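Accompanying notes for the structure given below.
The values are calculated or read from the model by the stated rules, or taken from the named source; none is laboratory data. All values derive from a computational prediction rather than experimental measurement. Cβ sites come from the backbone with ideal geometry, for glycine too, and all protein chains shown count toward neighbours. We work out accessible area using only protein heavy atoms, side chains counted, and drop any ligands, DNA or RNA first. Shrake-Rupley method; radii C 1.70, N 1.55, O 1.52, S 1.80 Å.
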Amino acid sequence: MILYTCGQKKSLGSAHACARAAKALDQAGYEYEIRDLPGYKFVPWTWGQRRRGREEIRELTGQINLPVLVLDEGQTVIGSGKIVEWAKAHPAYQPEVGGG
């Protein structure tokens, strides 16, 4: 499983989309690789880097916005809201029901 993020990765807390996605995966119990890509959506002087440095994401999803989660099966989940929803619906660890 690979989480593509901007250079901020998990920093900036829940105010940042990439951090929200990473936190949701952490809380759901996943181990994953983080790949940070250049450029920032709201920083105009990085837009050239953003276009050139995100070709891998464009090939996978048809767009260049982050975060993007690539599941082991190759499926993609695009955007922090969708990644958070996916992580909540698919926890890595599900406790056993019942007892003794």
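Quick notes on this one:
- Positions within the range 37-64 being at pLDDT 90 or above and touching a helix residue (DSSP H, G or I) at 6+ places or on another chain (Cβ under 8 Å), in sequence order: Q63
- Of the residues making up the range 2-25, those that are at pLDDT 85 or above and either of a type in the set (D, E, K, R) or over 10 Å from the mean Cα position of the chain (by Cα) (or both) number 3.
- Listed by first and then second residue, the pairs linking a residue in the range 49-78 that is of a type in the set (D, E, K, R) to a residue that is at pLDDT 95 or above and assigned to a helix (DSSP H, G or I), with Cβ atoms under 6 Å apart and 6 or more places separating them unless they lie on different chains, form an empty list.
- Put simply, of P67, P91 the only residue that is open to solvent by 30 Å² or more (accessible area, probe 1.4 Å) and modelled with pLDDT of 90 or more is P91.
- Consider the range 27-36 and keep the residues that are open to solvent by 70 Å² or more (accessible area, probe 1.4 Å) and outside any loop (DSSP other than H, G, I, E, B). The one that is modelled with the lowest pLDDT is D36.
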